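Written below as structure tokens is the structure these notes are about.
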Amino acid sequence: MPSDLETSAGHGRQAMANDYDGFAEAYAAETESNLINGYYTRPAVLDLAGDVAGRRILDVGCGAGPLLESLRERGAVVTGIDPSIKMLELARRRLGEGAALLRAGLGTGPLPFPDGAFDDAIACLVLHYLEDWKGPLGELRRVLTPGGRLIVAVNHPFVYKVLYPDADYFAIREYSEEYTFSGQRGTLTYWHRPLHALTSEFTAAGFRMTVISEPPAAPGAREHFPEVFAKKPSGEFLCFLFLVLEAA
């Protein structure tokens with residue numbers, strides 16, 4: 001994967017496939033205020049979430065907690081889950097001992113919450129790590145109230161075709177990429193889905209799509225990262241797909 005995308009990964013995992021414990025601190029330091037995370041995915045998710053005051057929000061794959069912190073500052077009642085012990089330690093250090101943080105992940109069994117426990121669930125750069133979406137989306141639907149929102153950011157399906165031009169775009173395929181996080185190497189494994197397969201998974205799980213977004217970078221990105229925008233002025237390296245879905 002091109003260097004501009006070297007920190008594009010999230011922190012959810014299926015059956016512990018991606019070992020974030022091995023580079024948790026390096027990942028957290030790298031993605032705190034970088035272009036892809038600090039000036040693109042997190043601002044885009046917060047913009048889609050809108051006014052969250054008083055809303056009960058589950059952050060799936062919360063990592064070191066930067067999104068949880070921003071949501072809490074906006075008045076949300078937040079809960080974070082992550083399969084990585086190290087990531088949760090960093091999140092607790094950030095959010096305080098009283099923060100609602102649990103070790104759990106998608107694709108490893110039922111989520112540890114009752115039906116209808118949340119008004120919103122956020123899966124930011126998580127689902128593209130999973131081969132099977134049926135069970136995880138069913139669990140997210142279960143823990144949401146009727147009419148609750150699922151806010152999703154995933155690798156844009158076209159990324160796979162750009163990286164592997166000879167590959168079959170229409171096949172659901174696994175692929176791995178190496179990254180550098182604050183000087184530490186790590187390997188992450190993804191599952192590519194074509195757009196029609198991706199959207200069909202949500203509707204089959206009982207969600208209705210209300211927003212499909214391909215936003216630009218947040219204000220200030222060009223000033224903070226002029227060398228990146230000089231190479232790619234249109235920002236085509238910002239290749240994620242954002243969706244807001246409503247639980248039926």
The lone condition LEU137 fails out of (1) closer than 25 Å to THR199 by Cβ; (2) under 15 Å from the mean Cα position of the chain (by Cα); (3) in a strand (DSSP E or B) is (3)
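Given the residues ALA117, ALA121, ALA153, which is the only one that is open to solvent by 10 Å² or more (accessible area, probe 1.4 Å), touching a strand residue (DSSP E or B) at 6+ places or on another chain (Cβ under 8 Å), of a type in the set (Gly, Ala, Ser) and within 22 Å of ARG208 (Cα to Cα)? Lay out the reasoning, then the answer.
Working: ALA121 fails: open to solvent by 10 Å² or more (accessible area, probe 1.4 Å); ALA153 fails: open to solvent by 10 Å² or more (accessible area, probe 1.4 Å).
Result of the check over ALA117, ALA121, ALA153: ALA117.
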Note: among ALA171, ALA218, just one is surrounded by 13 or more Cβ atoms within 10 Å (Cβ to Cβ), part of a loop (DSSP other than H, G, I, E, B) and hydrophobic (A, V, I, L, M, F, W, C), namely ALA218
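Among the listed residues LEU88, LEU58, LEU102, identify the single one that is part of a strand (DSSP E or B), at pLDDT 95 or above and over 26 Å from VAL211 (Cβ atoms).
Details: LEU88 fails: part of a strand (DSSP E or B); LEU58 fails: over 26 Å from VAL211 (Cβ atoms).
Selected residue: LEU102, the only one of LEU88, LEU58, LEU102 that is part of a strand (DSSP E or B), at pLDDT 95 or above and over 26 Å from VAL211 (Cβ atoms).
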In the range 174-205, residues that are farther than 30 Å from GLU32 by Cβ, among the small types (Gly, Ala, Ser) and either touching a helix residue (DSSP H, G or I) at 6+ places or on another chain (Cβ under 6 Å) or part of a loop (DSSP other than H, G, I, E, B) (or both) total 1
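If you take the residues of the range 187-215 that are β-branched (Val, Ile, Thr) and more than 15 Å from GLU174 (Cβ to Cβ), which of them is least open to solvent (accessible area, probe 1.4 Å)?
At the first step, the residues of the range 187-215 found to be β-branched (Val, Ile, Thr) are 187, 189, 199, 203, 210-212.
Now narrow it down to the ones that are more than 15 Å from GLU174 (Cβ to Cβ): 199, 203, 210-212.
Details: THR199: 30, THR203: 80, THR210: 67, VAL211: 50, ILE212: 107 Å².
Here the residue is THR199.
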Subset of the range 16-53, residues charged (D, E, K, R), within 20 Å of LEU238 (Cα to Cα) and assigned to a helix (DSSP H, G or I), comes to GLU30, ARG42, ASP47
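The values are calculated or read from the model by the stated rules, or taken from the named source; none is laboratory data. Computed from a prediction, not measured in an experiment: that's the story for all the values here. Every residue, glycine among them, receives a Cβ derived from its backbone with ideal geometry; neighbour counts consider all protein chains shown. SASA here: full protein model, heavy atoms, side chains in, ligands and nucleic acids out. Shrake-Rupley method; radii C 1.70, N 1.55, O 1.52, S 1.80 Å.
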